[in-house]
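Enquirer: Structure provided below as C-alpha cells; questions to follow.
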Amino acid sequence: MNTVHPISRATRVSCIALLGLVAATVPAGSIQPTNDLPNPYEAGESWAKLPEGRTWGATSAVEIDRDGRSVWVAERCGANTCAGSDLPVVLKFDETGKRVKSFGAGLFVFPHGIHVDREGNVWVTDTVPLGGGDSAGKGHTVVKFSPEGRVLLTLGKSGKAGDPPELLNEPCDVVTAPNGDIFVADGHSGQNTNAGPATVARIVKFSKDGKFLKSFGKWGSGPGELKTPHAIAMDSRGRLFVADRGNQRIQLFDQEGTFLEEWPQFSRISGLYIDANDVLYAADSESNTERHAGWKRGIRIGSAKDGKVTAFIPDPEPSPDTSPTSGAEGVAADAAGNVYGAEVGPRALKKYVHR
C-alpha cells in the first residue's frame, strides 16, 4: 500500500486534474472539505477469488507486486482476528483475481499493513485486536518474507509490547527506503478516548538488517506529533508521508524525522499509497458527523508533489455515518491505473477500474 512502482501514468493523471487544493501547513479545520471532485472510476467490484469455503475477513492491507499487476493482501482469517486460526494470512492474486500464492499461517493475530520492497520481498505488520481482544500471544511485530513466503527478518517480539530497540507497540504500517532503511509507523491507540501523553505514537527507523537507528514523534496534535500513525508511504524524493489519522491530516517528514508540512486536504486518512509518478492515493474510512463532520468517506487522489487533490472515489456504503468504519481502509493502485480498496467493516477487497 505504500511502495513506489515503475509505472507511467502521467497522461491519465493530467486528465483528471481538474480541481485541487494547494498544499499548505494549515490547521485541519481551516479548509473546506474536498468532496466535490471528479470520479474517473467505475463502481468497485469484488474481484479476488478466494479458495472454496473461505470468506473474506477484515483487511486494511493491500499492495501491488513489483510486476505492477499482481496484488498482495493480508486479511484477518475470515473474521477480524486470526486468533485460533490456521489459515494463511498473506495472499497473492494475479491480474485476473486468481489466487497464486499464500503463506503466513500461525504468525499473526491482527495483520494491519503490508509493503512490497524493491526486491519483491513482502513486509506485514501485526498489531493486536481492538478493545483488548485475544492476542493469542501474537502481535507487536513486523515480518519480512521472501516472495515465496520464507521469513527473512522479524522486528519486535511476538506478543510483547514495548519500546525499541527490541520491542514495538501495535505497529500499523511499514515502508522501506531505496537504501534499505526501514520505517515503521508504531502505535494504533493514539486516537482512543483514553489516549494521552504516554500513548505510543511514533515512527521507528531501522537499518536494512534490522538494527535500531532512531525513533521520532510523540502523542499530541502539534507539528510532528501524532495520534495514530495509521499508514506510511514514501515519495520519489524520499519524503515520508504519515497518515496521522487521529489528527485528520497527513504529515510529511524527512528520513531523519524533521517535520516538513501537514496536509489536511486529504481528510481523515487510514491508508496511503504513492506511485512512481508521485500520484497519492488516500483512503478515508472513518469520517462521519462525529469525527470530521462535513467530510465524505472515500478515496482521494492527488499529487504528492504539491498536495493538490484532483479526484474522489466515494465510499460505496450508502449511509457511512451509521457505521464506525466503511469503505477502503487500505489502498493501492496498479500499473493500469486500477485502484484497490481493502475494507475492514464490509470485509472485502474492491477493485475500481479506471474509465
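No value in this document is a laboratory result; all are computed from the given coordinates. Computed from a predicted structure; not experimentally measured. Because the Cβ atoms are built from the backbone with ideal geometry, glycine has one as well, and the counts that use them run over all protein chains shown.
Enquirer: Roughly how many whole Å is it from the C-alpha centroid of the range 229-243 to that of the range 133-148?
Expert: The distance from the Cα centre of the range 229-243 to that of the range 133-148 comes to 22 Å.
Enquirer: Sequence-distant or interchain residues sharing an amide H contact under 5 Å with L213, placed H: which?
Expert: K205, F206, S207
Enquirer: Continuing with the same structure: From Cα pairs below 8 angstrom and at least 6 apart in sequence, can you work out the relative contact order of the chain, rounded to a whole percent?
Expert: Reported relative contact order: 20 percent.
Enquirer: Separate question: Could you pull out every one of the lysines with an alpha carbon less than 27 Å from that of K101, ignoring same-chain neighbours closer than 8 positions?
Expert: Leaving aside lysines fewer than 8 places away in the same chain, those within reach of K101 are K49, K92, K138, K144, K157, K208, K350, K351.
Enquirer: Ok, one more. Nearest 500 deg cm²/dmol is fine: what mean residue ellipticity at 222 nm does the chain get from its DSSP H runs of n ≥ 4 alone, each adding -39,500 (n - 2.57), divided by its residue count?
Expert: Only helices count here, giving -500 deg cm²/dmol.
Enquirer: Candidates (1) 0.92; (2) 0.96; (3) 1.10; which is the computed Rg/Rh (Cα atoms, Kirkwood Rh)?
Expert: Entry (1).
Enquirer: If you don't mind, there's one more thing I want to ask. At most 12 other Cβ atoms within 10 Å and a DSSP loop assignment: could you name the GluC sites (Glu not before Pro) in the range 210-280 that fit?
Expert: Here the sparse-neighbourhood loop sites are E256.
Enquirer: Excluding H230 itself, what net charge comes from residues whose Cβ is under 9 Å from its Cβ, given Lys and Arg +1 and Asp and Glu -1?
Expert: Every neighbour counted, the sum reads -2.
Enquirer: How many nm separate the modelled label positions at A293 and Q32, each set 7 Å beyond the Cα in the direction of the Cβ?
Expert: 1.9
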